[in-house]
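Trainee: Attaching a single structure in structure tokens format; questions to follow.
Values quoted throughout were computed directly from the atomic coordinates according to the rules given, and no laboratory measurement underlies them. In this text, all values refer to a predicted model and were calculated from it rather than measured experimentally. Neighbour counts run over all protein chains shown; Cβ positions are idealised from the backbone, glycine included.
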Ligand SMILES: *Cc1c(COP(=O)(O)O)cnc(C)c1O
């Protein structure tokens, strides 16, 4: 597509990045199931390896099917480029990799997907990186956690599992003042509901495993580059601003301008970390994105109906859905995610841990799985599964206490979902 700026979201989710296949005219994006690409001649090969010409060398770095997906997600998010990788967790490492060094830290929201809490609090220590967890609603605490070694702030736009909405404008003001990027995990919101770049985010990460693919078929991740950060404004980001020994002293920011992060992620990140998305996976995700807005509208509509019903049910202690007027984040919807607060939230069930376990075992339409953002409604008891590795304090901070069940509301008939919850709650509390 040529002038994407004038097209609406529904057009772009179907067309952005794709064109009829130049070799065959195939209308659907072909799955380029190939590892390597024939060079025109030795000079062409040398230019590609020197990053003097952009093209396909080897599918660990770039692949035409994956490239369409990258352009599609970058366009929907309003970024200049994107790099897809093998999972959402891979995307988080890929986002931090060009920014971090041993001894550096990242200021991270306490309200994160449980796997991300573990990745940040435990695993990244092996790289000499430190995560500093703060309540991102406490702006003074966020600012106080930043020091000379801080290289980014990381949060989720709509947080998994509780559905808390981050005040992205406040956070990007803090990160801009500190001269560091704001990285936003936009998995639960998707670019249909929220555009973090409009609110000052430097990088947006996704687990494409969830709503973007939408049918629970493949794992994948993506890092979107806003192109808005001046990597050379300080000496904090030498991977992007200083000479790169592995490319004969090339400086990514000087050479690639606002695409520096994207080029670094491909030329160094994918090349050496190898967290590559495969073309078959990219195909499934491209299929999913074509209907993203249609699905998200139904997800949100159903979530509002189910959450409203649950809120008035005497067997439920609390519902965290930000789409309910009683929720403290409700006021943020208009500015941060005007098309709705997503379809992911938790409920606190009277009867605690035992009732929660019975509830997940009694549901018939809802599937008990460690996933979200499927067309199917899903349920999980976070404390005994995704958030199991966390301490009770971390579970509480993440909104995943022992009496809490997370719901990912699908696109089925809302009345059937409510009836299913009703019968399962009766069994859970009998
Ligand atoms: C699932 C998820 C991740 C991790 O993604 P994977 O594709 O499972 O690696 C990260 N962030 C959020 C918000 C998620 O829901």
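Trainee: Using the number of other C-beta atoms within 10 angstrom as an exposure proxy, rank 137, 21 with the fewest first.
Mentor: 21, 137
Trainee: Related question: With a 10 Å Cβ neighbour count serving as the proxy for reagent exposure, in which order, fewest first, do 287, 100 appear?
Mentor: 287, 100
Trainee: Could you please rank 192, 37, placing first whichever residue has the fewest other Cβ atoms within 10 Å of its Cβ?
Mentor: Neighbour counts put them in this order, fewest first: 37, 192.
Trainee: Still on this structure, please answer the following. With a/c under 1.5 counting as rounded, go ahead and sort the range 387-430 into rounded, prolate or oblate using the C-alpha gyration tensor (a ≥ b ≥ c being the square roots of the eigenvalues; past the cut-off, prolate if a/b is larger than b/c, else oblate).
Mentor: oblate
Trainee: Please state the Cα pair-distance histogram of the chain with 20 angstrom bins from zero: what percent is in each bin?
Mentor: 27, 56, 17, 1
Trainee: Give me the number: length gained by fully extending residue 354 to residue 6, i.e. 0.36 nm times residue separation minus the C-alpha to C-alpha distance, one decimal in nm.
Mentor: 119.9 nm
Trainee: Can I ask one more? Work out how much length residue 42 to residue 335 would gain on full extension: take 0.36 nm times their residue separation and subtract the Cα-Cα distance, in nm to one decimal.
Mentor: Extra length available between residue 42 and residue 335 comes to 100.2 nm.
Trainee: How many percent of DSSP beta bridges within the chain run antiparallel, rounded to 5?
Mentor: 60
Trainee: Relative contact order for the chain: what is it in percent, counting Cα pairs under 8 Å that are at least 6 residues apart?
Mentor: Over the chain, the number comes to 17 percent.
Trainee: With springs only between Cα atoms under 10 Å, which of 208, 24, 123 fluctuates most in a Gaussian network model of the chain?
Mentor: 24
Trainee: From Cα coordinates alone, what are the radius of gyration and Dmax values for the range 295-346 in angstrom?
Mentor: 10.7, 33
Trainee: Then there is this: As a test, work out the antiparallel percent of DSSP beta bridges whose residues both lie in the range 81-193, rounded to the nearest 5.
Mentor: Beta bridges within the range 81-193, antiparallel portion: roughly 5 percent.
Trainee: I need to check one value: relative contact order of the range 124-183, counting alpha carbon pairs closer than 8 Å and at least 6 residues apart, in percent.
Mentor: Relative contact order of the range 124-183: 32 percent.
Trainee: Please report, in Å, the Rg and the Dmax of the range 118-221, where both are computed over Cα atoms only.
Mentor: Answer for the range 118-221, Rg first and Dmax second: 14.2, 43 Å.
Trainee: In the Gaussian network model of the chain, springs joining C-alpha atoms below 10 Å, which of 157, 335, 239 carries the largest mean-square fluctuation?
Mentor: Result: 335 has the largest fluctuation of those listed.
Trainee: Based on alpha-carbon centroids, what's the gap between the range 238-286 and the range 46-79 in Å, whole number please?
Mentor: Distance between centres, Cα-based: 9 Å.
Trainee: Kindly provide the Kirkwood hydrodynamic radius of the range 39-118 in Å, to one decimal, from all pairs of distinct alpha carbon atoms.
Mentor: After inverting the pairwise mean of 1/r, the radius is 15.5 Å.
Trainee: Now a separate question. Kirkwood hydrodynamic radius for the range 293-428: how many Å is it when counted over pairs of different Cα atoms?
Mentor: Final number for the Kirkwood radius of the range 293-428 is 14.9 Å.
Trainee: Enter the Cα centre distance for the pair the range 358-378 and the range 94-108, rounded to the nearest angstrom.
Mentor: The two parts, judged by their Cα centres, are 35 Å apart.
Trainee: Over its Cα atoms, what ratio of radius of gyration to 2.2 N^0.38 Å does the range 2-75 give?
Mentor: Computed over Cα atoms of the range 2-75, the ratio equals 1.27.
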